[in-house]
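A.B. asks: Please read through the structure below; I'll follow up with questions.
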Amino acid sequence: MPVDTIIATRALTKRYSDVTAVDDLALDVRRGEIYGFLGRNGAGKTTTIRMLLGLIRPSAGEVSVLGARIVPGETSVLGRVGYLVETASAYPNLTVRENLDIQRRLTGAPCAAVVQALERLGLGTYADRRVGRLSLGNKQRLSLARALLHSPDVLVLDEPANALDPAGIVEIRELLQSLARERGVTVFMSSHILAEVAHLADRIGIVHEGRLLEELDREELHAKARAYVEVGVSDPGRAMGLLRAAHFAHIERITEGGNHGGGGGGGDILRVFDAEERASEIARTLLDAGLELTRLAPTREDLETYFLRLTGGAA
Amino acid sequence: MIRAVLATEFLKLRRCKVRWGTLGGLSMAPLGLALFMWILREPGRAAQLGLLGAKANLSGLEATGPAYLSTLTIVFGVGGMLLLPFIVAYLFGREYTEGTAKNMLALPVGRHWFVAAKLVVAAVWWFVLVVVVLAEGVLVGLALGLPGFSVGMIANSVGNALLAAAISFLLVPVVAWVTVVGRGYMGPIAFAIAGMALGNLFGKTGWAEFFPWSIVPLMIGMVGSPQTLPTASYVVLALTFVIGTAATIATLRLADNAQ
């Protein structure tokens, strides 16, 4: 394990009777890194986070945080960890300030930490409002304030952007970035929103059906998105044959709206992969054969499409 | 650490309507009992007011100070077996119904401290209820002017009621355990009702003094004449308390908390 590894899992597995929620997961998150744990709903993100915090016991494998092996009831390093698990929750009959005061007392943080957390998360005007009367977005802010209150070295955040408005998302993104860059806080955050993770994370682990499919940094993620030339043509079926004959090996035919298919609808378009530099050759091939071109657009697959392709969703 | 956890547990009770509900509920009992005694004493006037004096007479009770005080003791025994489990179910179960268990259990605090603090809060809550309602009961009884009251008898009844309330508390860790296993309110409330039913059933057998849920009914006279408990009953209750507490801590430490 590298010296600066803050969170590590080895062969981490969690089974619930015949369902394997997390399967043989191996992760290393380094000091000061923002690690995006990306997966669709039910991919095993929250189960992994629960194991990182000792809320559930692994069926096999192990977890360590800040060098300590985490099992339920192990509390030696939890004072240095801030967390938000799944939905934002707090005592509804207490005020925002009282909820934070509970966290302060139990983490041993100084009294001033409550005011700082309120200001940092923009909750000052709601400090004396009961949590039961807060909006979902402000409940999420309260949960983030609770996570940050005791100035932890590690943040484990499950879907931190949930329920936040666009301005709030940017605000939290900047806050997490500044904590990582300026204070060396390690952030492990799960999300099902690729764009959010792509903006924020230094490294991204893509998990699907409990297994880590791929781990890559932000630049690699962008590089992995495939390039293709989108072609609208009067006779897609004939055009496919012509392009194959011209040694364009990888062509997909999709109906307008994004579905793959071999249907013969006139509205079909072709995606010619690995052909960014050969757009003019595509045009010449089709025009020389007397076909009418309605569209010719070199395109790069967006990250969402890459993610869906990787996790088996419709692209 | 226990001071910090206790402070937060008491803070969680702020603006909690349930505590007033329990006080309101239990404080109705002496008033109801006093009304019953008044009907027994004044059947004619009760009938004029449309109250059922004949049915009250069927209870076999007399409108006397001793009858009032012994029935009041039963109220605290029943309260200890139904209302007290409700309090404990609320204190432990709210963490699951309000979604805060996951926050609480990932804190840098040993989970046994939460169990200890919640049991202390339950004890204080219950003790305050008992003292307030017992004082109310005695005052209402005195105001009713029932015959046969004496300082010695009142002191004896207050002592019995306090003992019944105290030994009822020894059963509650099992309720706490049912709550953390079931992660909500329904399980412990059903358990408390079943415990009371079984307690009454076993109370009529020769094993009553060894079955934890029969011991309180046996002591207060719910299943026959009030009895002085043998030492073995206190040992059984103490073991119940220890086992229930250990099981609650073990469940919080060992079971998955996938709320």
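The values are calculated or read from the model by the stated rules, or taken from the named source; none is laboratory data. Everything quoted here is computed from the prediction, not taken from an experiment. No Cβ is skipped: glycine too gets one built from the backbone with ideal geometry, and neighbour counts run over all protein chains shown.
A.B. asks: Which ones in the range B:14-42 are facing chain A (nearest Cβ under 9 Å) and outside any helix (DSSP H, G or I)?
C.D. replies: Within the range B:14-42, the first condition is being facing chain A (nearest Cβ under 9 Å), and the residues that meet it are B:14-17.
If the condition is that a residue be facing chain A (nearest Cβ under 9 Å) and outside any helix (DSSP H, G or I), then B:14, B:15, B:16 are the ones that fit.
A.B. asks: Looking at the range B:240-254, I want the residues that are facing another protein chain (nearest Cβ under 10 Å) and have a partner that is buried (at least 17 other Cβ atoms within 10 Å of the Cβ) and basic (Lys, Arg) with Cβ atoms under 7 Å, at least 6 apart or on another chain. Which pairs are those?
C.D. replies: Filtered contacts from the range B:240-254: B:249/B:111; B:252/B:111; B:253/B:111.
A.B. asks: So which residues in the range A:87-111 are more than 17 Å from residue B:114 (Cβ to Cβ), in contact with an Asp or Glu (Cβ under 7 Å, 6 or more places away or on another chain) and within 7 Å of chain B (Cβ to nearest Cβ), if there are any at all?
C.D. replies: Hit for the range A:87-111 is A:92, nothing else.
A.B. asks: Looking only at the range B:217-239, filter to residues that are touching a Leu at 6+ places or on another chain (Cβ under 6 Å) and buried (at least 17 other Cβ atoms within 10 Å of the Cβ); which one of those is modelled with the lowest pLDDT?
C.D. replies: Looking at the filtered set, the residue picked out is B:219.
A.B. asks: Which condition breaks for residue B:214 when tested against (1) buried (at least 17 other Cβ atoms within 10 Å of the Cβ); (2) assigned to a helix (DSSP H, G or I); (3) more than 19 Å from the chain's Cα centre (by Cα)?
C.D. replies: Going through (1) buried (at least 17 other Cβ atoms within 10 Å of the Cβ); (2) assigned to a helix (DSSP H, G or I); (3) more than 19 Å from the chain's Cα centre (by Cα) one by one, residue B:214 breaks only (3).
A.B. asks: Out of the residues in the range A:120-134 meeting the condition of being assigned to a helix (DSSP H, G or I) and in contact (Cβ under 8 Å) with a residue 12 or more places away in the chain, tell me which one is farthest from the other protein chains (Cβ to nearest Cβ).
C.D. replies: Top of the filtered list is A:120.
Residue by residue, here is whether (1) among the acidic types (Asp, Glu); (2) without any contact (Cβ under 8 Å) to a residue 60 or more places away in the chain; (3) buried (at least 21 other Cβ atoms within 10 Å of the Cβ); (4) in a helix (DSSP H, G or I) holds:
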| position | (1), (2), (3), (4) |
| --- | --- |
| A:118 | no, yes, yes, yes |
| A:160 | no, no, yes, no |
| A:167 | no, yes, no, yes |
| A:177 | no, no, no, yes |
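A.B. asks: If you go through the range A:56-79 one residue at a time, do you hit one that is touching a helix residue (DSSP H, G or I) at 6+ places or on another chain (Cβ under 6 Å), within 9 Å of another protein chain (Cβ to nearest Cβ) and of a type in the set (A, V, I, L, M)?
C.D. replies: Yes, the range A:56-79 contains at least one residue that is touching a helix residue (DSSP H, G or I) at 6+ places or on another chain (Cβ under 6 Å), within 9 Å of another protein chain (Cβ to nearest Cβ) and of a type in the set (A, V, I, L, M).
A.B. asks: To continue, here is another question. Out of A:27, A:66, which single residue is surrounded by fewer than 23 Cβ atoms within 10 Å (Cβ to Cβ), farther than 15 Å from residue A:212 by Cβ and in contact with a strand residue (DSSP E or B) (Cβ under 8 Å, 6 or more places away or on another chain)?
C.D. replies: Working: A:27 fails: farther than 15 Å from residue A:212 by Cβ.
None of the other options fit; the residue is A:66.
A.B. asks: Moving on to the next point. Would you please name the residue that is farthest from residue B:190 (Cα to Cα), looking only at residues in the range B:91-103 that are within 12 Å of another protein chain (Cβ to nearest Cβ) and in contact with a helix residue (DSSP H, G or I) (Cβ under 9 Å, 6 or more places away or on another chain)?
C.D. replies: Only one residue fits best here, namely B:103.
A.B. asks: Output the qualifying pairs, or none if there are none: Cβ atoms under 8 angstrom, residues six or more apart or on different chains, first residue in the range A:180-200 and closer than 11 Å to residue A:39 by Cα, second residue acidic (Asp, Glu) and part of a helix (DSSP H, G or I).
C.D. replies: Close Cβ pairs (under 8 Å, with a partner that is acidic (Asp, Glu) and part of a helix (DSSP H, G or I)) amount to A:194/A:304.
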